[in-house]
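Okay, structure first, notes after.
The values are calculated or read from the model by the stated rules, or taken from the named source; none is laboratory data. Please read these numbers as outputs of a predicted model, since none were measured by experiment. Every residue, glycine as well, gets a Cβ built from its backbone with ideal geometry; the counts of neighbours run over all protein chains shown.
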């Protein structure tokens, strides 16, 4: 994994270019490129939208000339873009004011991009992130997924143990990403990194970053999105009040979180495809059986893509509490309001919906419930 000092040097050198480009006040940038072999007649330029930068709208169609080149100039806001050309890899890039961005396709699978220091920052962040995943998470997550695929009851104890290890590894992974974000300054490159921001430990930093970013990029959509992301992180921090959830249960009946709050309720964001989620089903079941008569509730929200997979997982894992899902992955408003960008995720709330703990699993959850229900 890149060391912090190595990452700092690489990012600092790119940041020098950013400070120069920001001296130009217009929002025009140019885009040009040359294909390698096959010649589609057009390319599509997309602009990212939303808090997670994983949805895109088409903003232009570029004509590919007979000599395999394309070019255009834009009066578009500085933002996160993606160029898509048939038979070629999608190219994600950040365009800031006054930049002349060039893409040279070395092959149908490889390309070089120049003219965008902000994109260099984002690519360095992504390389740092992937190295962190390979070092911290994959060594425990891969064995867990393998055991779950075996579907052997004798693996239950090991699965639960690996699930705990994965949760700790993913927490360390998210923490180390803060170092990369800190070195990016107020570059627009921070926008696509928001999907992995953790406000619980680093809220003060992100509040300051949002203020500086809004000042640097006043009036731009990306500034509004960064501010909105921080607002949501504040809302779902300990002491915040959770938003209402209304969604269909396994029978298609609309169920309300607010109408089903117990003395204490665990809002559990779950995925049938999520190994760590599945690994803690038995433990949650034991806690639910022990404390439900005292006022403990679990309200499960399935971050799902296929209804049948969701229903099978609920039945197989004996998740006997209320389970709801909109079956549209992360794209729904509920996921946005709870800042759900990865699983597992949970919130322990009181009878008024105030968050008293979050991301609480295994023995930590058991100890907390023992504290809240001392007579059970």
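Brief remarks on what is shown
- Scanning the range 351-376 for residues that are closer than 16 Å to residue 261 by Cβ and part of a loop (DSSP other than H, G, I, E, B) yields 351, 352, 353, 373.
- Filter pass, residue 125 being touching a strand residue (DSSP E or B) at 6+ places or on another chain (Cβ under 6 Å) and part of a helix (DSSP H, G or I): no
- Exactly one residue out of 141, 174, 158, 134 is assigned to a helix (DSSP H, G or I), loosely packed, with under 14 Cβ neighbours inside 10 Å and not assigned by TED's automatic domain parsing to the domain that holds residue 341, and it is 134.
- Hey, residue 250 surrounded by fewer than 20 Cβ atoms within 10 Å (Cβ to Cβ) and assigned by TED's automatic domain parsing to the domain that holds residue 344 or not: yes
- Residue within the range 44-55 that is in contact with a strand residue (DSSP E or B) (Cβ under 7 Å, 6 or more places away or on another chain), loosely packed, with under 15 Cβ neighbours inside 10 Å and modelled with pLDDT of 90 or more present: no
- Within the range 100-112, residues that are without any contact (Cβ under 8 Å) to a residue 12 or more places away in the chain and at negative phi sit with their Cβ atoms under 7 Å from residues that are assigned to a loop (DSSP other than H, G, I, E, B) and loosely packed, with under 11 Cβ neighbours inside 10 Å, at 6+ positions apart or across chains, in these pairs: 112/106.
- Positions within the range 59-95 being within 14 Å of residue 192 (Cβ to Cβ) and either surrounded by fewer than 21 Cβ atoms within 10 Å (Cβ to Cβ) or touching a helix residue (DSSP H, G or I) at 6+ places or on another chain (Cβ under 9 Å) (or both), in sequence order: 78, 79, 80, 82, 90, 91, 92, 93, 94, 95
- Residues being assigned to a helix (DSSP H, G or I), farther than 21 Å from residue 148 by Cβ and in contact with a helix residue (DSSP H, G or I) (Cβ under 8 Å, 6 or more places away or on another chain) are entirely absent from the range 312-335.
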